[in-house]
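Participant: Quick one: this structure, given as structure tokens, is what I'll be asking you about.
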Number of protein chains: 2
Amino acid sequence: MEQKPRVSITYCTQCRWLLRAAWLAQELLTTFEQELGEVALRPGTGGVFEIQVGDELIWSRKQEGRFPEAKEVKQRVRDRIAPERNLGHSDR
Amino acid sequence: MEQKPRVSITYCTQCRWLLRAAWLAQELLTTFEQELGEVALRPGTGGVFEIQVGDELIWSRKQEGRFPEAKEVKQRVRDRIAPERNLGHSDR
């Protein structure tokens, strides 16, 4: 059976960003309950807030200059793991 | 640099156990912020609720017949990744 994709969220512990990382993890696991193999929460430091699908970086707070909305993360994850899926009115 | 340990929590999506799995993940990441490499949330089915440290199963709802308290999970994780650590009054 083909391995389902993995998402990882690396967050800065010094900045106390665990809660928003865990919130986004739950949003992704709710929306992509069937498609995702796992979502991993990874403590980091130095202002890091990065989301990866497998080894591909799909969001970096440093590059984007801000945190993502849940909708943005879901769209970027959807584009990589289930391109045909329609995310419905709230996350289109 | 030696790889930090990984904890995974596999939970039943049919039973709606994402929230308690995410809660325990945040408890572990708060208590073991420096010691853990990651905590992975893994959707499953059929009443599964299992916690592993690396490949070692440290809690199985089916075996224990119930869910763990946060204190119990922390003690079992501590025993494997930081045996010398004192968990403080609430999680002793």
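Participant: Failed condition for A:V73, given (1) part of a helix (DSSP H, G or I); (2) of a type outside the set (G, A, S); (3) within 14 Å of chain B (Cβ to nearest Cβ), with all others met?
Facilitator: All conditions are met except number (3).
Participant: Please give the number of the condition A:K4 fails out of (1) in a helix (DSSP H, G or I); (2) touching a residue at least 24 places away in the same chain (Cβ under 8 Å); (3) farther than 23 Å from B:T31 by Cα.
Facilitator: Status for A:K4: all satisfied but (1).
Participant: Go through region B:48-69 residue by residue and tally those that are under 19 Å from B:G37 (Cα atoms), open to solvent by 60 Å² or more (accessible area, probe 1.4 Å) and either free of Cβ contacts under 8 Å to residues at least 24 places away in the same chain or of a type in the set (F, W, Y) (or both).
Facilitator: Final tally of qualifying residues: 2.
Participant: Same structure, new question: Taking the residues in region A:75-90 that are in contact with a strand residue (DSSP E or B) (Cβ under 7 Å, 6 or more places away or on another chain) and of a type in the set (D, E, K, R) as candidates, determine which candidate is least open to solvent (accessible area, probe 1.4 Å).
Facilitator: As a first pass, look at region A:75-90 and keep what is in contact with a strand residue (DSSP E or B) (Cβ under 7 Å, 6 or more places away or on another chain): A:76-77, A:80-81.
Still in the list and also of a type in the set (D, E, K, R): A:76, A:80.
On the way: A:R76: 73, A:R80: 101 Å².
So, considering only residues that are in contact with a strand residue (DSSP E or B) (Cβ under 7 Å, 6 or more places away or on another chain) and of a type in the set (D, E, K, R), the one least open to solvent (accessible area, probe 1.4 Å) is A:R76.
Participant: What do you reckon, is A:E72 at negative phi and either without any contact (Cβ under 8 Å) to a residue 12 or more places away in the chain or open to solvent by 60 Å² or more (accessible area, probe 1.4 Å) (or both)?
Facilitator: Working: at negative phi: yes; either without any contact (Cβ under 8 Å) to a residue 12 or more places away in the chain or open to solvent by 60 Å² or more (accessible area, probe 1.4 Å) (or both): no.
Against the criterion (at negative phi and either without any contact (Cβ under 8 Å) to a residue 12 or more places away in the chain or open to solvent by 60 Å² or more (accessible area, probe 1.4 Å) (or both)), A:E72 does not qualify.
Participant: Would you check which residues across region A:24-61 are at the interface with chain B (Cβ under 9 Å from one of its Cβ atoms) and either outside any loop (DSSP other than H, G, I, E, B) or among the hydroxyl-bearing types (S, T, Y) (or both) and list them?
Facilitator: Hits for region A:24-61 are A:A25, A:Q26, A:L29, A:T30, A:E38, A:V39, A:A40, A:L41, A:R42, A:P43.
Participant: Same structure, new question: Tally up the residues in region B:1-15 that are at the interface with chain A (Cβ under 9 Å from one of its Cβ atoms) and of a type in the set (S, T, N, Q), please.
Facilitator: So the answer is 3.
The values are calculated or read from the model by the stated rules, or taken from the named source; none is laboratory data. What you see is a predicted model, and the numbers here were worked out from it, not measured in a lab. Every residue, glycine among them, receives a Cβ derived from its backbone with ideal geometry; neighbour counts consider all protein chains shown. Note: accessible area is taken over every heavy atom of the protein model, side chains too, but ligands, DNA and RNA are not part of it. Shrake-Rupley method; radii C 1.70, N 1.55, O 1.52, S 1.80 Å.
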